[in-house]
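Values in this text are rule-based calculations from the coordinates and carry no lab data. Note that the coordinates shown come from a computational prediction; the quantities given were computed from them, not determined experimentally. Positions of Cβ are backbone-derived with ideal geometry, glycine not excepted, and every protein chain shown enters the neighbour counts.
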Amino acid sequence: MKLTDAQWKILRGCIPEPKRRVDGKGRPWRDTREVLEGVLWILKTGAPWKDLPLRYPPYQTCHRRFQQWVRAGVIEKILETLAEDLKKRGGLDLSECFIDGTFVPAKKGALAWAKPSGERAQRSWQLQTAMVYLSPYPLKVLKKLRSRLSKM
């Protein structure tokens, strides 16, 4: 996934620049934009880290930096920044939201969700989108945006 200059301009402030060692030893850090593009490719495709294409930095670098960003709250800040930008441009309306559960089959008496079989559930963008919303990060971002909206 290639970020445009406009997209990078929005996200650049969310990601702290890596600090160089004082003694000057070690390898130089890979470009933050390239690493973010690699991370976004993995998140978009759902592929294993080892399958990261060669046009991105090594998968170990992308994975390690992704873990650092998650622990430091950078990924949450990126999602919040993107949601704010989308809201400013009129692409996000939080006045009405709903969840459609028609593609979530449940087995009778099961305590946990069962993975839908390929014949029963659609494999489409809707399912992928639902999986994103099951992640804890978008929920936090939407709650923050909703609370700001209610204060207005």
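Just subtract the alpha-carbon distance of R89 and K2 from 0.36 nm times their residue separation and send over the number in nm, one decimal. Don't skip to the answer; put the middle values down first.
Numbers: separation 87, 0.36 × 87 = 31.32 nm, distance 2.13 nm.
My answer for the length gained is 29.2 nm.
Treating r as the C-beta distance of R12 and A47 and R0 as 41 Å, the FRET efficiency rounds to 0.95.
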